[in-house]
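Notes to accompany the following structure.
Just so it is clear, none of the values below were taken in a lab; they were calculated from the coordinates. This structure is a prediction, so every number in the text was calculated from the model and none was measured. Reconstructed Cβ throughout: ideal geometry from the backbone, glycine too, with neighbour counts over all protein chains shown.
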2 protein chains.
Amino acid sequence: MTFDAKKLRYNDQGLLPVIAQDHDSLEVLMLAWMNAEAVERTLETGKVTYWSRSRQSFWIKGETSGHTQKLIDLRYDCDQDCILVLVEQIGAACHTMRRSCFYTAVRDGEEIELMKPEH
Amino acid sequence: MTFDAKKLRYNDQGLLPVIAQDHDSLEVLMLAWMNAEAVERTLETGKVTYWSRSRQSFWIKGETSGHTQKLIDLRYDCDQDCILVLVEQIGAACHTMRRSCFYTAVRDGEEIELMKPEH
């Protein structure tokens, strides 16, 4: 069946959560948001493009930092309200310069830093 | 530092998105939501416990289906507004009986079913 980005289920702000996963290591890198046009742009360009809620604008990941995400595969879930993108991540995915945004674990009630910033 | 679930950043419904990933295969299984008490219950019991938005109640994953998620590691992201749980998934994570909820890919504009229901 032909895919139509408009048929996905967006929240009342027209957005849905997008999980970015490294296609090679399978590490979960980050979660961000897309609207229907960001989904279309991502599929058309192969450059993962989010909607920045803070800036209220399209956000081609890595456009300023160089830390781009090349789309390898785009999948959506059973409820059609969440997307998973498998990506080729150049450089750090996180703005803190860490590989992944999920660098803090909670173990035995304590916060543990799992990775350091890359340079 | 001691972790406090209340310090995470929840949306205006008191919820944040939670990505569940198989700790062994690293497959992304599903995305659901937790409030602060669900985070606390998950850490205390080791049973991944979401907040069901449709039922407006706590949802111990697998409590009725048997398809439980045993918590292996809980991590949160740089913005403190998203959680990643690494889990030991018993049976199918998806209510369609598929291993993962992300079983539909979009390739060349077409929807492709990547996996079939398990028995």
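Annotations for the structure displayed:
- Proximal lysine pairs, the protein assembly as shown, alpha carbons under 17 Å, eight or more residues apart or interchain: 6
- Counting only GluC sites (Glu not before Pro) that DSSP places in a loop and that have at most 12 other Cβ atoms within 10 Å, the longest clean stretch of chain A runs over A:1-62.
- Per-copy distances of the B:Leu26 label point, shortest first, in nm (7 angstrom along Cα→Cβ): 0.7
- When only alpha carbons are used to place a centre, the range A:23-58 and the range B:6-34 end up 18 Å from one another.
- Acute angle (nearest 10 degrees) that the helix B:36-45 long axis makes with the longest principal axis of chain B, alpha-carbon atoms: 80
- Averaging the sequence gap over all C-alpha pairs within less than 8 Å and six or more residues apart, then dividing by the number of residues, gives chain A a relative contact order of 22 percent.
- Fully extending the segment from B:Ile72 to B:Lys7 would add 21.2 nm, taking 0.36 nm per residue of separation and subtracting the current Cα-Cα distance.
- Springs join every pair of Cα atoms under 10 Å in this Gaussian network model of chain A, and among A:Val85, A:Val18, A:Val106 the largest mean-square fluctuation is at A:Val106.
- Neighbourhood net charge (13 Å Cβ-Cβ; Lys/Arg +1, Asp/Glu -1) for B:Lys6: -1
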